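Structure, as structure tokens:
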Amino acid sequence: AYVSDLVAVVKEWMTHHNFAPDSLTIDEAEQTGQLQFSTSGKEGKYQAYLDLNLNHQWVEFYVYLTLKVPERRRSAMADLLNRINLRMRVGNLEMLTRDGRMRWRCGFDIEGGALAGQMLDNLDGIACNDLDHYFAALMAVAFAGLDAERALSNLGQGSDPPEPQWMQDTEPPP
């Protein structure tokens, strides 16, 4: 497979959803590609990036929020993101500490497999649903001064998710 094959799948997926790429970069020699486009959920529009790397056999999907967390709120936001990430089964939320930008990210290995439009549908849907679901808590911590536990309780969630039974019965390694 070549990166152009992956890009063909991505282009077909974008055409199917009427997404227009903001930019598309392909480097056949390096077997990499990056696609930038806008996606949206209930809470707003997000900037998405799809990184393709055949040398490492992976695909990474990023969805950036347009907000930047003020420096004085980044420690509280890191606490919130940690608590949110404990709940997530696919992907995670990250904050770039240098400038406070926030993103949802998921990467996966495609070695021995093939990228399909359904995979991209799933990633885009999960990212937008996660960002929409936690949007109020993210805003409350970034701009209203709430702590992570209070922001999550306002969503009707406790401070930490329950662990599966098998984890409760297992001693952690020393």
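The values are calculated or read from the model by the stated rules, or taken from the named source; none is laboratory data. Computed from a predicted model, the values in this text were never measured in an experiment. Using ideal geometry, Cβ is built from the backbone for each residue, glycine included, and neighbour counts are taken over all protein chains shown. Heads up: the accessible areas ignore ligands, DNA and RNA and are worked out on the full protein's heavy atoms, side chains in. Shrake-Rupley method; radii C 1.70, N 1.55, O 1.52, S 1.80 Å.
Taken over segment 42-76, the criterion of being in a loop (DSSP other than H, G, I, E, B) and of a type in the set (K, R) is satisfied by K42 alone. Might you check whether a residue that is modelled with pLDDT under 90, open to solvent by 40 Å² or more (accessible area, probe 1.4 Å) and more than 22 Å from L115 (Cα to Cα) occurs anywhere in segment 50-65? Checked segment 50-65: no residue is modelled with pLDDT under 90, open to solvent by 40 Å² or more (accessible area, probe 1.4 Å) and more than 22 Å from L115 (Cα to Cα).
Being among the aliphatic types (A, V, I, L, M) and open to solvent by 20 Å² or more (accessible area, probe 1.4 Å) holds for only one residue in M88, M102, M77, M14, and it is M88. The condition (being more than 18 Å from G44 (Cβ to Cβ), part of a helix (DSSP H, G or I), in contact with a strand residue (DSSP E or B) (Cβ under 9 Å, 6 or more places away or on another chain) and open to solvent by less than 30 Å² (accessible area, probe 1.4 Å)) is satisfied by just one residue among L131, L120: L120.
Picking from residues in segment 18-33 that are open to solvent by 70 Å² or more (accessible area, probe 1.4 Å) and of a type in the set (S, T, N, Q), the one that is nearest to M102 (Cα to Cα) is T25.
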